[in-house]
Structures are given as structure tokens and as C-alpha cells.
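Novice: This structure is in C-alpha cells; I'll ask about it shortly.
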Amino acid sequence: MRAEDWRKMGLKDEEYQLITEIIGRDPNYVELGMYSVMWSEHCSYKNSKEVLRTFPTKGERVLQGPGENAGIVDIGDGLAVCFKIESHNHPSAIEPYQGAATGVGGIIRDIFTMGARPIALLNSLRFGSMEDARARYIFNGVVSGIAGYGNCIGIPTVGGEVYFDTCYQGNPLVNAMCVGLLETDKIKRGQASGTGNPVILVGARTGRDGMHGVTFASEELSAASEEKRPAVQVGDPFMEKLLLEACLELIHNDDVVGIQDLGGAGLTCATSEMASRAGTGLEIELDRVPCREQGMTPYEIMLSESQERMLMVVLPEKEGKVHEVFRRWGLTSTTIGHVTEDGILRVRMGGKVVAELPARSLAEDAPVYCPAFVEPVYLRTTAQLQLAEIPDLDDAEKVLLQLLSAPNIASKEWVWQQYDYMVRTCTVVLPGSDAAVLRLRGTKKGLAMTVDCNSRYVYLDPYLGGKIAVAEAARNLVCSGGEPLAVTDCLNFGNPEKAEIFWQFRKAVEGISEACLAFATPVIGGNVSFYNETNGEAIYPTPTVGMVGLLEDVEKRCTQEFKADGDLIVLLGETYEELGGSEYLATIHGKVAGMPPALELDKEKALHKLLLGAIGKDLLKSAHDLSEGGLAVALAECTFGNNIAAAVELHSNGLRSDSLLFGESQSRVLLSVAADKVEVLLALAAQENVPARVIGRTGGERLSLTLDGREVINLPLDKMKHAWREAIGCLLK
Amino acid sequence: MKFGVVVFPGSNCDLDAYHLVKDVLGEQADYIWHQEESVSGFDCLILPGGFSYGDYLRCGAIARFSPVMKSVVAFARSGGLVIGICNGFQVLLEAGLLPGALYRNLCLQFRCIFTHLKVENRQTPFTLGIETGRLLRIPIAHGEGNYYADADTLRRMEANGQIVFRYATADGEITDAANPNGSLYNIAGVCNEAKNVLGMMPHPERAGEAALGSEDGRLIFQSILKSWEGSR
């Protein structure tokens, strides 16, 4: 074996050395390929493992934590919710439609593999500036790809977030999350147990697509990346719909011992992981694998990332029945081997053994690195924000309209109206509110779900930014009436071999961990995506937080829009002079600087307790958390849903007016409350030590806002709504 | 009354239609797998939405060759009530049970939004219970719902009262702005000459409960019940 062979596959010289030590000989070409994909960052987490161990992962409700295809949380009544988020960034940068579509397909398979019926999809998307033609092309393609896959397979896409920033110009982020529902006694795991049990491959034929996809995902993007287009797979949502129904039928009837999908690193990953988890070995015959074309080599079959394939281990007496069920669903299934007890993954083709490796060494024995880390130099510059040099508001109306039409704040209707968010008729809070809410048929319960991350905050302070991502996700759930259950995260960063990037990573994980501990929302799974760089430039560190919350009574759900004229508007939380990292600074003053707003976890927790209590007592008409654009933008957003405007009176108490109107201080929520319930609410707030004050009243057709008695905003609702609603569509014309 | 919900590989609104007739309206319902050859015992057939066979070819073009379709056609020809929703509408067109065709949406994108429907003919089994002047608020979710028929066919359909629903504004005006997909004359739903087969792009099964934002879709199923009771 020549050094250039393993280097070309992304293995380091010392990693090759380690392989020869493990197996006591030089690997052949097939074996080398298998190690190279399994030991890639994407599959082995070799750079991140040590840090990820610091996440809190346990909790009373946790039935399955990290390490399986997806995490599972108990929600009572014999039911559990299974969810996970995963990235498909690099494929989407090269081939946006298929890259995004197969990202959706992959995360859906992770969920039904666990025995759960997928009930909802969410996504977190980030693109370059809409002024750039290629960024627009990628944006368009990614949205169509998500729509194409999710709509066809019939799982509603109910929520998500979309951000635009030049740091994502060459390296967009496409993070897809899937939520599934299952009975607690039907959980399945990816284990190949039971010596002699047959191993069945089902679904699409194996082709030459997606070779070395995981290796491609574990390196930086450059001009040469376009040549890696063959590393992007092509999705077939119809095939996946059939697979989903057939697999769930088999799991429901207890016909399955272990099951795993074929995603990154294809057959190599599924066989070695399933055997490794069960402490067994597998023997497979590649001649039996149905291929798309003749003459595929063992190397190609073992590394292919063709989509819509599953590997299943069943009892010998169930083998015939299992094939029969697949046949009824029009699927091709083949027994390709069986479970052994020697711990070896043995691969045969044409009567010869073409690979023979300890399964565990592929799945578990990749070297673990502790990359060096150092505080990034840029932080010294960004931290220097002199507010005194920034002129305070001159025309608040103009700024509000500019912010409402800024792509990061503007309505994302252009995006979500391309998604079927209603199929399965359980979506009871549609896209556009703080979190999506789904009812659970046959129960009174509901699930609230959201994905969140303000990556500008994380860039300016990774630790605080990580904390805020969790807090905001939890706040979104709570505003909808859901009690936060657990977290799945998608950690998108640059090249971890660069010390400054790895510092960002460590700090963000620290912040996320601390917040998750405080809210008792353990991390039950997720995904790390490194090497998000183009020509050496890293994206903002973007640890996307996906969170699911439980509503014991879905009828109590709460949404953000004002409901009636004459209700009182209450602001919860305290506003400080905090403009660092704000959308206002970036959009109006072109500055990404300062420290993100402070976050006190105790105050945030008190806020959550108050909100859940108030929603439970039917005290609230609406609730909306304050995020990008601050109070003024949140107010405007509350008026859009039912076309009910408001009149609000604020007092500056020495604060700059831009801080007051557009600052992004944390732990704040805007409520509307019927006049006869406001006393009770304020008393409850006092009891929980949450600052609360009545700032105005709903009604009319204009948003009026006075500051120390002077009216600084008086805008017709339709004018604001038009600016907010049409912005994205206009940018694409 | 017993509803049969036909399930093709790739159907995905079968559950929703079943749920509405069974759990919400309390009628009998059963799924009919596409390989079944008989539809006997059912009073009304629902061809649900979805992406039958992935719709990789023209929508519905493969589903219409499913074994069950022979008996669906026979059932329709003998006067049985058939309603095709979204992909089901596309299948009915392909099967020749309804006139016209559906192109890709004019905007070339999938659209999932609430629409308002004006009821143009209340003399069908699917609309006879809907009071005059009542608009229906029902969502659409499709990429190919742009209805087309040639001028002669359209004239005949108009004369014969086969245009059942049109997209309208919230005030009941038929305007271009209210047209979500470019359909000729804002057509959202049509029936056959005999009025026992209805095809519509909007999803009444998604508008059957207050929790989903509208209950107007129930009016269509309640009309079906009423007409079935009247015919017994």
C-alpha cells in the first residue's frame, strides 16, 4: 500500500500505522477504504468525542441517549418521542436539491429505524447574502429539495429557521430534524444479535453514487469541490415511503431483532456498527447485493452511499415472512449474510474473502484526538464596541421598516408555503409562530418543537451564544405551552484542526451543557459537522439546537398573534443597554460587534415557570418571545396574524432608545392578556420574581409607540406587514 | 354509510381521510389496498392525496393502472359516489372519469396554503348540503393543480353544471389574485356529467376540525351523507 493511497482517502500516516497494528498486517484496498470512511470525522467523531462527553445526557424521561440512530424520551401513557437533527451541508453546497433532499431522507430513516413513526420535520437553513446569484440558486434548490422529499413521503415540515449571512456564502448549512412517535415497548436498536440470524438488505439497489460522501464531508470546500459532485447521492422519497411503511409494519409485529439504515459510509457503517453494538460479527456475500450496474467492485459496494436502503437482522423462522412483507410493499429484499460470534466483519465476493476486519475496530477504535485550542484573535477586535460612536435613533419608523424587511427577520412564508405542513392532520400550530405544535391522536397531549441558533452571538462569544441557543429554543416551546423535554444538536463549525475553531467548539459545547443542565433538558443525540470552510474561511460557529416540549393538554396551546381588540399588552423581563450582536447593529449600522446580551439562567427558568403556569391557568391570549429586532419587531409580529394592531407606551429610564426598541436583551416575552385577568397575571409574576409591566393595549389598524410621551412610531399595520411579508420574494426576483 | 379509502403505494392522505369519516363523522370506513379487485360493500370511494408511485411520471398516470382501478371505474359508471382529492383527482383524470387535465402550478412551486372556495353548483351529491352564499375555507397542498380543459369541453361542463368549486377571495370574488395555481377560470373542483364523481385539488379532509383551523371540509362529507340517505 502506498502512502498516497491512504492519504487520498483522507487517512493520516499515523492512522494507517494504527490500522496495521490492529489487524497485524497491511490492509487490502477494500479494507483500507472501509477504515477510511469509518474513521472519518463524520462517522467516528474522532476530534469531537472527548468534548461531546461533557454534555448532560441523562434524565428521568430519557429512554435512549446518544450512541444510537436517534434519542428517545418518555412522554407518559406508554408513549415516547424520538428525535434527531443532522447536517447535510457539503452535499447541499455542491448539489442543493439532492443534497437537501437526501438530508431529509437520511434523518427520517434514523427515526423509523428506532421503531418510531415520523410525524414531523423541521430544518435550520443558512445561506449567503441574497445579493449573490449562487447563494440564491442554493437557497432555491435547498428549499425545493426539502419540499420535494418531505411532501412526497407525506411527513409534514412544520417549522424551522432561515438565516442569511455572507459567512455562509460558499458553505451553506442544511440541518434537518425529524420527530417520531412510538410506544415505549416497541423501541428497536441497531444491534446484530443472535449467532446465525440472517441479515437482510432491503430497498434501493446499490449503485456507484455517494462514494466517499463521508470523506468529502470531512474536508474543507474549495474550487475543486465541484468535482466531488459524484459524492452527492440522489434521493427517492417514494422508495423511502415504502421502506418506512414496511419496516414499521415488521417492527410493530415484533419481527425484527435489529435494524439500521444505510447512510454515510453505506454498508460498511451499517454492518460494522450493528455488529459492534451487539459484540458480534457478520459474514456477508456481496454477490447477493442487488446492484444498479454490472461489474461493481467490492470496494464500490462496501462504500456506496446509495440512499433508501436498510439492513435488518431477523430470527431464522421469521426470514420468509419478512421477505413476504417487503414483497407486498413492492420492495426488493435479499438475505446477504448472517450473524457470527467471532466479532469479525467478513466480506466475501466471487468465492473469496475480500475483507476480514474486527467489526469493533471499524466502529469504535478510531483514534480519539484532543485538538489544540486557543482563543481566537478576532474576539479582541469584535469585543470593542463603542456605543457612543453610534448615533441613537433618528427615525424609528424607518428603522423598524428596514428591520422588518431584513432577510433574517422578514417572513419566511416564501419558504414554508412550499412545504406541506399539514399532512397527517395533526399540526395545530402552523409555521410562523414561536414553535410548531402537533396534537397526538388518541390522547389529550401535544408536542411543541423548534430549532434555534443565533450564530452571530456564538461568533461573538461561543460560550454565551451556546447558552442562548438553548434558552431561546426552550423559551419558544414555553411560549407555545410546551414543557421542554430534551435537546438534539447539530454542531456546525469550521476545521477543528485549527486551534481557534476548536476553541469555539469547546466553548459552545460548554455553554450548551450549562443551559441544558439548568433546564433539565439533556442532549439525547445529534451530529457534528466540521470543516465548514470555503477557501480557508470558516462559517460562524453554528450549534443549532433542536428541542421538543410536551403539552399535557394540547387545547391549552398558545400562539404569538394578538387575538382581540382591547387586550392588555404585558412585557415580561428586563431591558438593558444591550446592542452587541444585534440584528439592528448589523442591518442598520453594518456592524457585527460587541458582546451578545447577557443571560441569567435562574431568571430564564423563572420566566419559563411563570409562562407555563399562566398558560395552564388560561391567563394568556398570546405569547411571543423577543429575539432578533427586539421589542419593536416582536410587537409588529404580534399584530400580523389577526391584523390587530396596538398602542404602546414606553419609558426610557435612561436607556438609549435604540436599545429599548431594537436591543435583544434575553429572557423577555410579550403577552396579550384579557383586561380582567391582568391582576392575577401580575401577581403570579411577582410571586415568581419575573419583572412584568403593562405597556399597552391591542386594537386598531396602526401600531403606535410612544417613548417618554412622544410618539416615535405610528405606522399602518398593512404597511409593516407588506414590508415584512414580501421581502424574501422580492430579493429573489 | 361505509366509505372506502383507496391506498396506492405513495398515497399519504389516506390516514387523514379515514380519520375524518371514521373518527370525526362517526361513519364506517375501511382502507382498500390498490391490489384489491373488488370494491363491493362500499357506499362511497375516496381516492386520497399523496404521491402515488412517487408521481415521477405524470401525476396519477401509473396509479390508474392499479388492479383496483377497474372496479373503481365500474363503481363510478354504475352511479357510485367517488371523490378524488388532490392526487386522487389526478388519478380520476388519468382514468378518464373526469374531463380535463392538471398542469404544474403556474408559479412552478409546490403551494400549501388555505384557500377560499366558491360553490358553483349545489345540485351535486357533494354540495347539496352547503347553504347558498357560503364560502368554504379549505387548504391546498400541491405542485400540479393547474386545471385545464379545451374551450369546447369547458363550455359543455359549464352548461352542464360540472364546475363545482372555484378559488375565490375571502369576499367571494373570482380574481387572479385568488388563483393559487393558474387554473383556468379559477377551477378548483369538477364533477362528471352524471355528478356522482367529484375531483378537487383542495383538501376537505384537512378542514374537518376546529383545531385544524377550519371545519368547512365537513360540509362536503355531510352532503355526501345526506345524498346517500336520500337515495336509500
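The values are calculated or read from the model by the stated rules, or taken from the named source; none is laboratory data. Remember, predicted model here, so these are calculated numbers, not experimental data. Note: ideal-geometry Cβ built from the backbone for every residue, glycine included; neighbour counts use all protein chains shown.
Novice: Could you check the stretch A:130-225 for strands (runs of 3 or more DSSP E) lying wholly inside it with 1 or more residues that are modelled with pLDDT of 95 or more, touching an Asp or Glu at 6+ places or on another chain (Cβ under 6 Å) and surrounded by fewer than 24 Cβ atoms within 10 Å (Cβ to Cβ)? Can you show your working first?
Specialist: Values: elements: A:157-164, A:173-183, A:198-203.
Where strands (runs of 3 or more DSSP E) fall fully within the stretch A:130-225 and carry at least 1 residues being modelled with pLDDT of 95 or more, touching an Asp or Glu at 6+ places or on another chain (Cβ under 6 Å) and surrounded by fewer than 24 Cβ atoms within 10 Å (Cβ to Cβ), they are A:198-203.
Novice: Right, here's the next one. Among the residues of the stretch A:689-733, what is the count of those that are assigned to a strand (DSSP E or B) and among the small types (G, A, S)? Walk me through it before giving the result.
Specialist: Step one: list which residues in the stretch A:689-733 are assigned to a strand (DSSP E or B), which gives A:692-698, A:702-707, A:710-716.
Retained after the next criterion (residues that are among the small types (G, A, S)): A:692, A:696, A:704.
Residues flagged as assigned to a strand (DSSP E or B) and among the small types (G, A, S) within the stretch A:689-733 amount to 3.
Novice: Scanning for something touching a His at 6+ places or on another chain (Cβ under 8 Å), surrounded by fewer than 23 Cβ atoms within 10 Å (Cβ to Cβ) and of a type outside the set (A, V, I, L, M, F, W, C), does the stretch A:691-708 turn up at least one residue?
Specialist: Checked the stretch A:691-708: at least one residue is touching a His at 6+ places or on another chain (Cβ under 8 Å), surrounded by fewer than 23 Cβ atoms within 10 Å (Cβ to Cβ) and of a type outside the set (A, V, I, L, M, F, W, C).
This table checks each residue for (1) more than 14 Å from chain B (Cβ to nearest Cβ); (2) in a loop (DSSP other than H, G, I, E, B); (3) out of contact with any Cys (no Cβ under 6 Å at 6 or more places or on another chain).
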{"position": "A:L379", "(1), (2), (3)": "yes, no, yes"}
{"position": "A:Q384", "(1), (2), (3)": "yes, yes, yes"}
{"position": "A:D394", "(1), (2), (3)": "yes, yes, yes"}
{"position": "A:E397", "(1), (2), (3)": "yes, no, yes"}
{"position": "A:L403", "(1), (2), (3)": "yes, no, yes"}
{"position": "A:A410", "(1), (2), (3)": "yes, yes, yes"}
{"position": "A:M422", "(1), (2), (3)": "no, yes, yes"}
{"position": "A:V428", "(1), (2), (3)": "no, no, yes"}
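Novice: Would you tally the residues in the stretch A:19-49 being in contact with a Phe, Trp or Tyr (Cβ under 8 Å, 6 or more places away or on another chain) and of a type in the set (D, E, K, R)?
Specialist: Adding up the residues that qualify gives 2.
Novice: Could you run through the stretch A:546-556 and say how many residues are within 17 Å of A:L122 (Cβ to Cβ) and either β-branched (V, I, T) or in a loop (DSSP other than H, G, I, E, B) (or both)?
Specialist: 1
Novice: Limited to the stretch B:114-129, what total is found for residues that are within 14 Å of chain A (Cβ to nearest Cβ) and assigned to a loop (DSSP other than H, G, I, E, B)? If you could, list the steps in order and put the result at the bottom.
Specialist: Let us first name the residues in the stretch B:114-129 that are within 14 Å of chain A (Cβ to nearest Cβ), namely B:114-115.
With the extra rule that they be assigned to a loop (DSSP other than H, G, I, E, B), the set shrinks to none.
The qualifying residues number 0.
Novice: Still on this model: Can you tell me which residue within the stretch B:166-180, out of those that are touching a strand residue (DSSP E or B) at 6+ places or on another chain (Cβ under 6 Å) and more than 15 Å from B:A149 (Cβ to Cβ), is surrounded by the most Cβ atoms within 10 Å (Cβ to Cβ)? Break it down stepwise before answering.
Specialist: Residues of the stretch B:166-180 that are touching a strand residue (DSSP E or B) at 6+ places or on another chain (Cβ under 6 Å), as a first pass: B:166-168, B:170, B:172, B:174, B:178-180.
So of that shortlist, the ones also more than 15 Å from B:A149 (Cβ to Cβ) come out as B:167-168, B:170, B:172, B:174, B:178-180.
Working: B:Y167: 27, B:A168: 22, B:A170: 11, B:G172: 15, B:I174: 15, B:A178: 19, B:N179: 21, B:P180: 24.
Only one residue tops the list, namely B:Y167.
Novice: For residues that are within 7 Å of chain B (Cβ to nearest Cβ) and touching a Ser or Thr at 6+ places or on another chain (Cβ under 6 Å), tally how many sit in the stretch A:430-445.
Specialist: 0
Novice: Would you mention how many residues in the stretch B:183-232 are part of a helix (DSSP H, G or I), within 28 Å of B:C59 (Cα to Cα) and within 12 Å of another protein chain (Cβ to nearest Cβ)?
Specialist: Total satisfying the criteria: 5.
Novice: Against the condition more than 30 Å from A:G180 (Cβ to Cβ) and either among the aliphatic types (A, V, I, L, M) or crowded, with 23+ Cβ neighbours inside 10 Å (or both), how does A:A448 come out, does it pass?
Specialist: Judged against the criteria, A:A448 is not a match.
Novice: A further question follows. Step by step: first the residues of the stretch B:104-113, then only those that are touching a residue at least 60 places away in the same chain (Cβ under 8 Å) and more than 9 Å from chain A (Cβ to nearest Cβ), then the one that is farthest from A:I146 (Cα to Cα). Which residue is that?
Specialist: B:L106
Novice: Name the single residue that is surrounded by the most Cβ atoms within 10 Å (Cβ to Cβ) among those in the stretch A:542-558 being within 14 Å of chain B (Cβ to nearest Cβ) and more than 15 Å from A:H608 (Cα to Cα).
Specialist: A:V554
Novice: Would you point out which residue out of B:G80, B:G54 is surrounded by fewer than 24 Cβ atoms within 10 Å (Cβ to Cβ) and over 25 Å from B:I140 (Cβ atoms)?
Specialist: Just one listed residue meets the conditions, B:G80.
Novice: Those residues that are within 13 Å of chain A (Cβ to nearest Cβ) and either assigned to a strand (DSSP E or B) or surrounded by fewer than 23 Cβ atoms within 10 Å (Cβ to Cβ) (or both), I need them from the stretch B:13-49; list them, please.
Specialist: Hits for the stretch B:13-49 are B:D14, B:L15, B:Y18, B:H19, B:K22, B:D23, B:V24, B:Y31, B:W33, B:H34, B:Q35, B:E36.
Novice: Within the stretch A:446-467, is even one residue over 19 Å from A:I155 (Cα atoms), among the hydroxyl-bearing types (S, T, Y) and within 14 Å of chain B (Cβ to nearest Cβ)?
Specialist: No, the stretch A:446-467 contains no residue that is over 19 Å from A:I155 (Cα atoms), among the hydroxyl-bearing types (S, T, Y) and within 14 Å of chain B (Cβ to nearest Cβ).
Novice: From the list B:T132, B:T153, which residue is part of a helix (DSSP H, G or I), away from chain A (no Cβ under 14 Å), of a type in the set (V, I, T) and free of Cβ contacts under 8 Å to residues at least 60 places away in the same chain?
Specialist: B:T153
Novice: Is it the case that some residue within the stretch A:478-493 is farther than 23 Å from A:F83 by Cα and outside any strand (DSSP E or B)?
Specialist: No, the stretch A:478-493 contains no residue that is farther than 23 Å from A:F83 by Cα and outside any strand (DSSP E or B).
Novice: Just to be sure I understand, how many residues within the stretch A:419-445 are crowded, with 24+ Cβ neighbours inside 10 Å and either of a type in the set (S, T, N, Q) or over 22 Å from A:G180 (Cα atoms) (or both)?
Specialist: Here the count works out to 3.
Novice: Between residues in the stretch A:355-374 that are assigned to a loop (DSSP other than H, G, I, E, B) and residues that are modelled with pLDDT under 95 and polar (S, T, N, Q), which pairs lie under 6 Å by C-beta distance while being six or more apart or on different chains?
Specialist: Final answer for the pair search is A:A366/A:S44; A:Y369/A:N47; A:P371/A:N47.
Novice: If A:E472 satisfies all but one of (1) in a strand (DSSP E or B); (2) more than 14 Å from every other protein chain (Cβ to nearest Cβ), what's the number of the condition it fails?
Specialist: Of (1) in a strand (DSSP E or B); (2) more than 14 Å from every other protein chain (Cβ to nearest Cβ), only one is false for A:E472: (1).
Novice: Now a separate question. Among the listed residues A:E317, A:E305, A:E300, identify the single one that is outside any strand (DSSP E or B) and modelled with pLDDT of 95 or more. Break it down into steps so the answer makes sense when it comes.
Specialist: On the way: A:E305 fails: modelled with pLDDT of 95 or more; A:E300 fails: modelled with pLDDT of 95 or more.
Only one candidate passes the filter, namely A:E317.
For (1) within 24 Å of A:A176 (Cα to Cα); (2) free of Cβ contacts under 8 Å to residues at least 60 places away in the same chain, each residue gets a yes or a no:
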| position | (1), (2) |
| --- | --- |
| A:L32 | no, yes |
| A:G78 | no, no |
| A:K84 | yes, no |
| A:I94 | yes, no |
| A:I111 | yes, no |
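Novice: Do you know which of the residues in the stretch A:625-667 that are charged (D, E, K, R) and assigned to a loop (DSSP other than H, G, I, E, B) is nearest to A:H608 (Cα to Cα)?
Specialist: So the residue we want is A:E664.
Novice: Scan the stretch B:94-111 for residues that are within 18 Å of B:N186 (Cα to Cα) and touching a Cys at 6+ places or on another chain (Cβ under 9 Å) and jot them down.
Specialist: B:L98, B:L102
Novice: Would you be able to tell me the number of residues in the stretch B:50-76 that are more than 14 Å from every other protein chain (Cβ to nearest Cβ), modelled with pLDDT of 95 or more and either on the phi > 0 side of the Ramachandran plot or more than 17 Å from the chain's Cα centre (by Cα) (or both)? Working first, answer last.
Specialist: Our first condition is that a residue be more than 14 Å from every other protein chain (Cβ to nearest Cβ); within the stretch B:50-76, this holds for B:58, B:64, B:68-76.
Still in the list and also modelled with pLDDT of 95 or more: B:64, B:68-76.
Subset that is either on the phi > 0 side of the Ramachandran plot or more than 17 Å from the chain's Cα centre (by Cα) (or both): B:68, B:70-71, B:74.
Looking only at that region, the number is 4.
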